[in-house]
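Derivation of every value follows stated rules applied to the coordinates shown; laboratory data play no part. Computed from a predicted model, the values in this text were never measured in an experiment. Note that we place each Cβ from the backbone using ideal geometry, even for glycine, and neighbour counts take in every protein chain shown.
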Amino acid sequence: MRPLLLASLVAAAVASSIAIQQTASAQQQPADTILTNGKIITVDDQFSIAQAVAVRGDRIVAVGSTADITRLAGPATRRIDLRGRAVLPGFIDNHAHFQEEGAYWAMELRLDGITSRKEALEKIRAWGQKAGPGKWVYNYGGWSNDQFMDDKRLFTREELDKYSPDNPVYIQASRAETFVNSKAIEMTGLEKMTDPGIVRDANGRATGVVHGGGAIVRDAGQWLDAPNGERVRGLSDEVIRASSIVMMDDLNRAGLTSSGGSCQWEELHRDLKRMRFFCQQTAPGGRGAEAIEKQFALIRTLKYHDGDEWSDRTNWGEGWPGAGADDLYSATQQPVPQAQWDLWGRFAGEVAKAGIQAFNHSQTTENIEGKLIQLEKLQSQGISIRPFRWMLMHMEGVTPAQIERMKKLNMAIGVRSASLTMGGLIHRVHGDKAFAMPPLREIQDSGIKWGFQCDCFEVNVYQPFYTLWWAVTGKMVGGTVVNTHTISREAALIGHTRNNAFLLFREADLGSIQNGKFADLIVIDRDYLTVPADQIKDINVLLTMVGGRVVYDAAAKPATAAR
């Protein structure tokens, strides 16, 4: 049997056995924790609502009325009176870059959710003063100028000089523009560079704006306390651990309990036990024909689903050699030689024959089309991906016709909320088409399996309640409507919980509040199902539980993010 399918069947059988045993013994053994007098939004298949839930060890042992659950308490049971508050399953993101960000999270200025240019500049000033003269003030993304309600202009060199005269400043608006001040320009030698992305005034002087992700600045900066792509220079294990703990505080405060995506420092996160990570893994490669052939040879040697409940390698992501035409921030795509598509198809066939799940980076209509043609060709040759829950992800440009073709291949869609922060730029590039980028309603109505991904931190904000608000209202940070193909709040919640558990082959353990599943849940300060839609983004998490253990309690920590 294929390893991925076997892993899923074994997990389901084990969870079913656990659920039966725990339900039968619920009356015999006291619960460790009970949460009563609340509104338990279970997100099970019936979207049931209960009053209370009981936890023993790391799993849920009962869901029901307050009276029934109270009977499961013993002398040592922790009793949490919800006082009418709502409880949700812990949020699951199917693709993010949390672990790699953790190494420098505590050192990076974040502008997530800020809607005032003045406030952003004051944060830059304060961060520089905190760091001390000569230290970098940097941000790696998750915002754009379009979210500022008072002034949406691009930051200037002079403006950043005014607010941070003693520090080199590097501020990146996702992957669209990068802003630097004079000290950063001096330290990196930017004035002497010839990269076409460097914006210059009429006299040839750098304005402080660099189009694109700013890799040229990062590489030239040789930062000792900041990221360089996925490499981190000069950071000790102690610094990485301390920074990762700060990040976990913020993620748990946001209600996140599980994530797919890129994984680093896996043993650290196994030790912390704050979130569950389901990692992507690829064959080591490089450039050139010889390196590609080595990758082919390694595909069948890769091991998946051999981890534990805290860290496991589950899919091949985000891509492999071949394909192209995938620039979301361009209205036209460069032609892709057929040989590139064929190379992508060859890789897809080998990954499928090895029984490996794949999550593949696909933003534009053209890129999606090229990949579907290759996958349909493989299907006609008897090479099927149907059992493996393959997902094309990001998917701003997917069309209704492409969705139907994906359904026939039993594929899934990873819905990225990029326009939550980058909606202004996407509209400038694509015009009114952007109101359906992605076509949320069509994806939901099609019946295809799909789930949310933030692709954080460079691309987007990390807070799930912002994603749910965007999906329900169509608004980006700052309040501008950028998507008119919105969905119900129930569908949005399923897309950030139960659906993502399925896409990560963890539906037996995660995604809903049900007997036998891990006790990963959050208590919130207002009812997600009834609060006015515009307030969804403002919902606060009061308590986060992972595996029956409280990892965030607002009563013990500040209610707003430490950063």
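General remarks:
- Global geometry of the range 93-201, whether rounded, prolate or oblate, following the gyration tensor of its Cα atoms and the 1.5 cut on a/c: rounded
- Since only Gly212, Phe91, Thr332 are under comparison, the one whose Cα sits farthest along the positive direction of the charge dipole of the chain, derived from C-beta charges on Lys, Arg, Asp and Glu, is Phe91.
- Residue-wise HN-Hα couplings along the range 443-456, as the Karplus relation 6.51 cos²θ - 1.76 cosθ + 1.60 with θ = phi - 60° gives them from phi, are 4, 4, 5, 5, x, 5, 6, 8, x, 7, 9, 8, 6, 5 Hz; Gly and Pro carry x.
- Between Gly113 and any residue 5 or more places off or on another chain, the built amide H atoms are never under 5 Å apart.
- For the range 352-376, no residue has its backbone nitrogen under 16 Å from a point 7 Å from the Cα of Leu298, taken along Cα to Cβ.
- Residue-wise HN-Hα coupling along the range 319-336, computed from phi with Karplus coefficients 6.51, -1.76, 1.60 (Hz; x: Gly, Pro): x, 8, x, x, 6, x, 6, 10, 9, 4, 8, 10, 6, 10, 10, 5, x, 10
- Close amide H partners of Cys263, meaning residues 5 or more places away or on another chain with modelled amide H under 5 Å apart, are Gln280.
- From its DSSP helices (H runs of at least four residues, each -39,500 (n - 2.57)), the chain gives a residue-normalised ellipticity at 222 nm of -10000 deg cm²/dmol.
- Selection from Val239, Gly134, Leu190, by position along the positive dipole direction of the chain (Cβ): Val239
- Oblate is the label for the range 485-563. Its Cα gyration tensor axes, ordered a ≥ b ≥ c, give a/c of at least 1.5 and b/c at or above a/b.
- Taking packing as the residue-averaged number of other Cβ atoms within 10 angstrom, the listed peptides 255-268, 88-101 run from highest to lowest as 88-101, 255-268.
- Amide H contacts under 5 Å for Arg313, placed H, 5+ residues apart: Cys279, His305, Asp306, Gly307
- Kirkwood-Stokes translational diffusion coefficient of the chain, alpha-carbon pairs, 25 °C, 0.890 mPa s, µm²/s: 100 µm²/s
- Centroid-to-centroid separation of the range 97-128 and the range 167-199 [C-alpha atoms, Å]: 17 Å
- Computed over the alpha carbons of the range 237-553, Rg followed by Dmax gives 19.6, 58 Å.
- A full extension of the chain between Ala331 and Ser65 corresponds to an added length of 90.3 nm, given 0.36 nm per residue minus the alpha carbon distance.
- Restricting the calculation to Cα atoms, the range 137-289 yields a radius of gyration followed by a Dmax of 18.3, 55 Å.
- Look at where the Cα atoms of the range 39-87 and of the range 343-421 average out, and the two centres are 39 Å apart.
- The chain - percent relative contact order, Cα under 8 Å, separation 6 or more: 19 percent
- Using every pair of distinct Cα positions in the range 251-298, the Kirkwood expression returns a hydrodynamic radius of 13.1 angstrom.
- When His394, His430 are arranged by Cβ crowding within 10 Å, least crowded first, meaning fewest neighbours, the order is His430, His394.
- Computed from backbone phi with θ = phi - 60° and the Karplus coefficients 6.51, -1.76 and 1.60, the 3J(HN,Hα) list for the range 199-213 is 7, 10, 7, 4, 8, x, 8, 4, 7, x, 9, 10, 6, x, x Hz; x is used for glycine and proline.
- Computed packing ranks the peptides 307-317, 496-506, 353-363 as 496-506, 353-363, 307-317, most packed first, by mean other Cβ atoms within 10 Å.
- Taking the Cα centre of the chain as origin and assigning +1 to Lys and Arg Cβ atoms and -1 to Asp and Glu Cβ atoms, the resulting dipole is close to 680 debye.
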